[in-house]
Structures are given as structure tokens and as C-alpha cells.
Amino acid sequence: MAKLYFYYASMNAGKSTTLLQADFNYRERGMRTLLFTAAAHDRGGHGVIDSRLGLRADAIPFDAGTDLRVLAEAEHFRAPLACILVDESQFLSAAQVRQLAHLADEVGIPVLCYGLRTDFQGQLFPGSAELLALADALVEIKSVCECGRKATMNLRVDDEGHAVREGAQKEIGGNERYVAMCRKHFMQRTGVPI
Ligand SMILES: Nc1ncnc2c1ncn2[C@@H]1O[C@H](COP(=O)(O)OP(=O)(O)O)[C@@H](O)[C@H]1O
Ligand SMILES: Cc1cn([C@H]2C[C@H](O)[C@@H](COP(=O)(O)O)O2)c(=O)[nH]c1=O
Ligand SMILES: [Zn+2]
């Protein structure tokens, strides 16, 4: 049975790199894949998955109105897909995650989602919450805080490097705007009351 996977991590942990390696692995064996990424996440260009190691691939951009099930079924009908890979899956809606679950369960295509677990306030993203609830496999991709502990949280910083505590959940950016860190240091820097 095809499965729905959620590979989750903090920022700068290697999610996009791992996705692009998995994609290459399928394609070098002659199998067809379908890639999605969030339209809003245009750090490396619109509809592009880019890793900090320099790997890049074009992907179908999704926004709130995208029906991933319809798009994937049409592609699968044209020529069978071996796998669907979704980057920035924290930005999926709950309904879109259910579309992906349908593709795994009813169409038989494995779906690999890569994304953040929590935002700059330590709250789940909508897509991450639904993936944590529905995925067959939850796989953590690990990275380290400056102290050597596992980095599980994402601190948003301003231009002076000060912690940002309030703001919209979605703010596209990279290493200049976010620092992955362990929970202890995230709590200390944000001053979140216990
Ligand atoms: N030149 C490099 N050589 C090896 N690793 C690198 C290099 N540049 C960045 N990295 C590593 O790549 C990882 C970030 O990869 P990326 O796929 O962009 O992360 P994510 O998608 O999780 O934000 C980090 O662990 C970083 O240390
Ligand atoms: C923590 C957090 C992140 N984002 C955005 C910032 C980036 O554009 C992506 C994550 O990129 P990655 O390096 O591929 O992991 O998500 C956001 O909008 N809000 C947040 O709280
Ligand atoms: Zn730390």
C-alpha cells in the first residue's frame, strides 16, 4: 500500500536537499515523479525547489486554490507516476493534505511531504498539523543548534538579529530572517512564558 510520509524539521536542516535526492533516485531509475512547492515560497524563484547545496528543480507551485489531487490524477493518467514530492508542505491546507492522502490510499502513489513542524511562535502550521495527524510515517530530519543540541524550533529575527515575537505566520525568508535552534534557546530568546 502506498504511504503518506511527512519529513519534518526546522529550517536549514536539509529538507529540500533530501527531497531532491529522493526525486533524483526515482528518475535515475526511469520512474516518473511529480513535484510541488508553495507558490508563496519564491526564495529560489517561483515554482522552484532550491536547496542551499545548490540543487534545484522546477515544481508545480501550489496556493490555497490548488487541487493537488486533480493535477496529480491527470498526470498519472497521462503516464504513471512512481512518487509525488511536496516541498514547503507546512503551507498546505488541511484539505490539500487530505487530497494527498487520497492519492496514496486510492490511487496508490506514494506521497513524500517535506516541511516545517512549527512557526516562529512555536505553533503548528495548518499543513503540518494535518500531516502530523494523518501521515503513515513521521520522519524527523535533524540539525543542530549553536549549542550542539537538536534544533527543533525556528527563531524569526529582525535586521539587527533581535527575536521577533509578533507578526503574520507566513513570512518568506532564509538564513537572514530565521535561525534554527533548540527549544531551550528558543524559549530564552523569545521569552515565551511557561
Ligand atoms: N556548501 C555546503 N556543503 C554542505 N552542506 C551545506 C552547504 N551549504 C549548506 N549546507 C547545508 O545544507 C543544509 C540546508 O539544506 P536545505 O535543503 O536548503 O535545507 P532546508 O530545506 O531544510 O531549509 C544545512 O544543513 C546546511 O548546513
Ligand atoms: C519559521 C517560519 C518560516 N516561514 C517560511 C520561511 C521560508 O520561506 C519557509 C521555510 O523554508 P525552508 O528553509 O525551506 O525550511 O517558511 C514562515 O513563513 N513562517 C515561519 O514562522
Ligand atoms: Zn541551543
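Any read-out appearing in this document is the output of simple, stated calculations on the displayed coordinates, not a laboratory observation. Because the structure is a prediction, the values reported are computed rather than measured. For neighbour counting, all protein chains shown are included, and Cβ atoms are generated from backbone atoms with ideal geometry for every residue, glycine included.
Quick notes on this one:
- When Rg and the Kirkwood radius Rh are both evaluated on Cα atoms of the chain, their ratio Rg/Rh stands at 0.98.
- Whole-Hz Karplus values for the stretch 168-178 come out as 5, 4, 9, 8, 5, x, x, 5, 6, 10, 9 Hz, taken residue by residue from phi with 6.51 cos²θ - 1.76 cosθ + 1.60 and θ = phi - 60°; glycine and proline positions read x.
- Integer Hz, Karplus 6.51/-1.76/1.60 couplings in order for the stretch 71-87, x for Gly and Pro: 4, 6, 5, 5, 5, 5, 5, 5, 7, x, 9, 8, 6, 10, 10, 10, 9
- Beta bridges per DSSP with both ends in the chain, % antiparallel, nearest 5: 35
- Tensor-based shape of the stretch 24-126 (alpha-carbon gyration tensor, a/c under 1.5 rounded, otherwise prolate or oblate): oblate
- Under 5 Å from the amide H of residue 139 lie the amide H atoms of 6, 7, 8, each residue being 5 or more positions distant or on a separate chain, with H modelled from the backbone and absent for Pro and chain starts.
- All Cα-Cα distances of the stretch 141-194, cut into 5 Å bins from zero to the largest, leave 4, 20, 29, 26, 16, 4 percent in each bin in turn.
- Near the amide H of residue 125, within less than 5 Å, lie the amide hydrogens of 119, all on another chain or at least 5 residues away, with H placed in the peptide plane.
- Ranked by the mean number of other Cβ atoms within 10 Å of their residues, highest first, the peptides 77-89, 17-29 come out as 77-89, 17-29.
- Highest-first packing order for the peptide set 3-13, 110-120, 125-135, 169-179 is 110-120, 3-13, 125-135, 169-179, based on the mean count of other beta carbon atoms within 10 Å.
- Whole-Hz couplings from phi, Karplus 6.51/-1.76/1.60, listed for the stretch 42-56; x for Gly and Pro: 10, 4, x, x, 5, x, 10, 9, 10, 9, 5, 7, x, 6, 9
- Here the stretch 148-194 is treated with +1 on each Lys and Arg Cβ and -1 on each Asp and Glu Cβ, and its dipole about the Cα centre works out to around 420 debye.
- Largest first, the extents of the alpha carbon coordinates of the stretch 85-194 on the three principal axes equal 49, 28, 27 Å.
- For residue 60, the amide hydrogen comes within under 5 Å of the amide hydrogens of 35, 36, 37, counting only partners 5 or more places away or on other chains and with H modelled in the peptide plane.
- Extension gain for residue 79-residue 52 works out to 6.6 nm (0.36 nm per residue, less the C-alpha to C-alpha distance).
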